[in-house]
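The values are calculated or read from the model by the stated rules, or taken from the named source; none is laboratory data. Predicted model only: the values in this text are computed from it and were never measured. Note: ideal-geometry Cβ built from the backbone for every residue, glycine included; neighbour counts use all protein chains shown. The area values use the complete protein model at the heavy-atom level, side chains included, leaving out ligands, DNA and RNA. Shrake-Rupley method; radii C 1.70, N 1.55, O 1.52, S 1.80 Å.
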Amino acid sequence: PQIPPSILSALRSLSVDHGNGNEGGDSDDVRSHLSLVVLGHVDAGKSTLTGRLLLSLNHVTRRQYQKHQKSSAQIGKSSFALAWFADEDDTERERGVTIDVATKRVRTRRYDFTVLDAPGHSDFVPNMISGTACADCGLLVVAATTGEFEAGFADGGSDADGGGVGRSYGQTREHVVLSRGLGVTQFVVAVNKLDAADPPWCRDRFEYIRATVLSFLMDSGYRERNVTFVPVSGLTGVNVNREEEDGDQRGEGEGGGGWRELRKWYDGPTLVEALDSFSPAKREFEKPLRLILTDVSAEGKNASVRGRVEHGFVRTGDTVVVLPVGDEAIVARVERGKAANEGTSPYAFTTPASALIASPLHLAPGRSVDDIPELQNCALAGDIVEIELGAIDPARLSPGCVLCHTHPSLRPRVRGKFEARILVMERLAVPIIRGSQVLLHMHSIDVPAVVSRLISTERRGDANPRMNPRVLVGGATATVEITLSEKVVIEESIQCKALGRFVLRRGGDTIAVGLIDKVLD
Ligand code: GDP
């Protein structure tokens, strides 16, 4: 009952059918929205490629790029000029790594992407989890250079070799398993740095990496048709945007003839075309509101919060309840404003990651939200929004809180125990037993927890589950009961992906991903 009938019918008339592959958003001015998480090993070139996308799709100007090139040369890091568009704050620039999940907007022919550039360092896996939990699709960046692919994708020693940064087990694999666990079902894999492969633009190298990564993706539960591989160079821009090919073929531009080399054996999609071939995401705006907060700050008497609307619909004037705390608040303002990279100031790109971003409504071609007065001041499933909340003490709010409508039947449960199906990571130094202490990560929260029962387990290829197992070993799937140290907002994963999927970590290592099957009392 939370969507007034007039608004619901407006929404239905406007909205493309995202569930059935109806390819809405093909017109030039109305696009559908997707959140894209950029993943990969540290130094694979994620920030550079994100910066290249911003540059070649004209979200930043050549002049800004030249300015970045100049100032990065001054500190002796000229190759980071593009990455600067993606890495926003000074600490990240100095370290040359992405710490927080930065957000940017990138627009292709069919889509308006909110790009979540997740950190590659294993130190920062929790940040990566919160980015990935918001994502509809992923861009996995792997470096094709000799040794680098092997390091990022290493299958190397076991966890016992020591966790943390510098361990041999490649982040690429962990990211893939995490993404699958958190519900990212489609990927573009950018086989990057082919300009620096030996020899440059080597077809065999591309094919080798493709085959290796694809078999791993398929083992992790991805379908081949949901994964597209593209050979690219983020640094030189080759095979990013087809519009730049002609210039390069004429010997202009930064590609250094790379397009010509690539064309000898490749006629598949460019990176931009591959991103355009994603399927639209299903927006559950008719389900009860679930808005998960990622940022909270005080704004005078009111609280200013940012988050993603997972389900449902919210608008100015609504009364909402904040879970798990249970306080009510009034929505004073809903801002579906600009992305962080859409400001007018030349410095707009260096705003903090918490800068306002928002996604447009996803509408049928030719229709605009501005046509419908009822849809002003509202946000829908799939939108990342900033909201001002009144009549609540900002100190009661924190990232991970969930905003819902107040009627009891519309609220998710706040509980501390559930039954779940988990997939145990291949590499596990110490098996999971009853009583294993873990840290449970979900969207933007982490909570200490205990694996309180092992209900059943299956080994791969074995149809009969074993009941009441004593241990769970690497690679197993299992049904377990998990008890949390405090009550949090949880739902069965079939009800709500974001509130029903989680990652278990121990001692800084990911040990399992899982889906909540049953919320227990
Ligand atoms: P991230 O840690 O994955 O974000 O990686 P960065 O984007 O910071 O890049 C790491 C290093 O690889 C930097 O020195 C980049 O200049 C370099 N790099 C990134 N992309 C390419 C590429 O396509 N070709 C070459 N040769 N170097 C690249």
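Placing one identical point scatterer on every Cα of segment 416-521 and ignoring solvent, what is log10 I(q)/I(0) from the Debye formula at q = 0.16, 0.18, 0.20 Å⁻¹? Those come out to -0.62, -0.80, -0.99, one per q.
Using the Cβ-Cβ distance between Gln69 and Ser456 with R0 set to 60 Å, the FRET efficiency works out to roughly 0.55.
You can think of it this way: the chain between Lys301 and Ser215 has 25.6 nm of extra reach, that is 0.36 nm per residue less the Cα-Cα gap. Sorted on the mean count of surrounding Cβ atoms within 10 Å across their residues, most packed first, peptides 315-323, 33-41 read 33-41, 315-323. The slack in the chain from Arg223 to Glu150, taken as 0.36 nm per residue of separation less the alpha-carbon distance, amounts to 23.9 nm. The convex hull around the C-alpha trace of segment 473-521, projected and averaged over every direction, spans 4.1 square nanometres.
For segment 194-349, the solvent-accessible area of protein heavy atoms averages 44 Å² per residue (probe radius 1.4 Å; ligands and nucleic acids excluded).
Put simply, when 382-395, 175-188 are sorted by average Cβ atoms within 10 angstrom per residue, most first, you get 175-188, 382-395. For Asp267 and Thr185, a Förster radius of 35 Å and the Cβ-Cβ distance give a FRET efficiency of 0.85, rounded to the nearest 0.05. Run the paramagnetic zone check for Ile330: 7 angstrom along Cα to Cβ, then residues of segment 271-313 with backbone nitrogen under 14 Å. Backbone N within reach: 301-303. Around Ala303, under 10 Å between beta carbons, what's the net of Lys plus Arg minus Asp minus Glu among the other residues? Net of charged neighbours comes to -1. For segment 258-330, the dipole from Cβ point charges (+1 on Lys and Arg, -1 on Asp and Glu) about the Cα centre works out to 220 debye, to the nearest 20.
The residues packed around Pro412, meaning those with a beta-carbon under 12 Å from its beta-carbon, carry a net charge of +3 if Lys and Arg are +1 and Asp and Glu are -1.
Accessible surface computed residue by residue for segment 417-469, with neighbouring protein chains in place and a 1.4 Å probe, gives 54 Å² per residue.
The label point for Arg62 and the one for Ile433, both projected 7 Å from the Cα toward the Cβ, are 6.7 nm apart. When only Cα pairs below 8 angstrom with a gap of at least 6 residues are kept, segment 178-286 shows a relative contact order of 27 percent. Highest mean first, the peptides 439-451, 476-488 sorted by other C-beta atoms within 10 Å per residue fall in the order 439-451, 476-488. For the pair Glu243 and Lys287, what calculated FRET efficiency results from E = 1/(1 + (r/R0)^6), where r is the Cβ-Cβ distance and R0 = 51 Å, to the nearest 0.05? Plugging the Cβ-Cβ distance into 1/(1 + (r/R0)^6) gives 0.80.
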